[in-house]
Amino acid sequence: MARVISIVCQKGGVGKTSSSVNLGVGLARHSKKVLLIDADSQGSLSLSLGFTDTKRLTDTIASIMSKIISESPVDPAKGILKHTEGVYVLPANNDLAAMEMFLVNVYGRESIMREYINLISPEYDYIKAISLVSRSFKVHLYNRLLFVYHLFSLYIVYQ
Ligand SMILES: Nc1ncnc2c1ncn2[C@@H]1O[C@H](COP(=O)(O)OP(=O)(O)OP(=O)(O)O)[C@@H](O)[C@H]1O
Ligand SMILES: [Mg+2]
């Protein structure tokens, strides 16, 4: 089972994406299999690793969440991209912004990501999720924290 780390901070521009990428690549260099989950609808993590065409991607964190909500079968490996630095990435794009709105009316919305993590966890040593936490919309944060076992507390470091 993978060790799960989440990097969250309410404040923007404090280094969440950079820290996540650097920690991920560092762990990969120590022969760890790392999945980086881009949970930011701006797709910053995907973009920073050079996956620039995220708009065209149909298999993203949003499509996986959609399948879990509709109780459709989920292929946990689908949509995961491999980077030359040795890390794996589940990308995000603007579809996640629409999903965030949709989640408002979804029962059990806070445990959707945990379900996905449980599916994919045996495949990895580390899973890292990164997100911007909207001040007005906290469901996404709850979704993260429920699957987090290790919260990387940028909040404390940068406040
Ligand atoms: N340790 C660091 N030292 C100096 N600059 C840094 C460091 N980490 C990140 N930066 C720079 O700070 C800026 C913001 O970093 P980053 O995009 O990782 O923050 P973020 O918290 O993910 O932002 P957002 O809230 O927009 O997603 C970038 O220009 C990045 O290059
Ligand atoms: Mg970011």
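The values are calculated or read from the model by the stated rules, or taken from the named source; none is laboratory data. Remember, it's a predicted structure, so these values are computed and weren't measured experimentally. Virtual Cβ from ideal backbone geometry, glycine too; neighbours counted across all protein chains shown.
In the stretch 1-43, how many residues are within 11 Å of ligand 2 (Cβ to nearest atom) and either among the hydrophobic types (A, V, I, L, M, F, W, C) or assigned to a helix (DSSP H, G or I) (or both)? The total comes to 11. Cβ-Cβ contacts under 8 Å between residues 6 or more apart (or on different chains), taken from a first residue in the stretch 45-58 that is within 17 Å of residue 23 (Cα to Cα) to a second residue that is of a type in the set (Gly, Ala, Ser), are listed as 45/20; 45/92; 46/92; 48/18.
Can residue 46 be described as modelled with pLDDT of 90 or more, within 16 Å of ligand 2 (Cβ to nearest atom) and not aliphatic (A, V, I, L, M)? Against the criterion (modelled with pLDDT of 90 or more, within 16 Å of ligand 2 (Cβ to nearest atom) and not aliphatic (A, V, I, L, M)), residue 46 qualifies. Quick one: would you say residue 99 is out of contact with any Ser or Thr (no Cβ under 9 Å at 6 or more places or on another chain) and not polar (S, T, N, Q)? Answer is no for this residue. Residues of the stretch 113-141 that are more than 19 Å from residue 43 (Cβ to Cβ) and modelled with pLDDT under 55: 135, 136, 138, 139.
Taking the conditions exactly as written (within 16 Å of ligand 1 (Cβ to nearest atom) and basic (Lys, Arg)), does residue 16 satisfy them or not? Taking the combined requirement at face value, the residue satisfies it. Looking at this structure, is residue 36 closer than 19 Å to residue 128 by Cα and surrounded by fewer than 20 Cβ atoms within 10 Å (Cβ to Cβ)? So residue 36 fails the test. Inspection of the stretch 59-76 identifies at least one residue that is modelled with pLDDT under 90 and either not in a helix (DSSP H, G or I) or not acidic (Asp, Glu) (or both).
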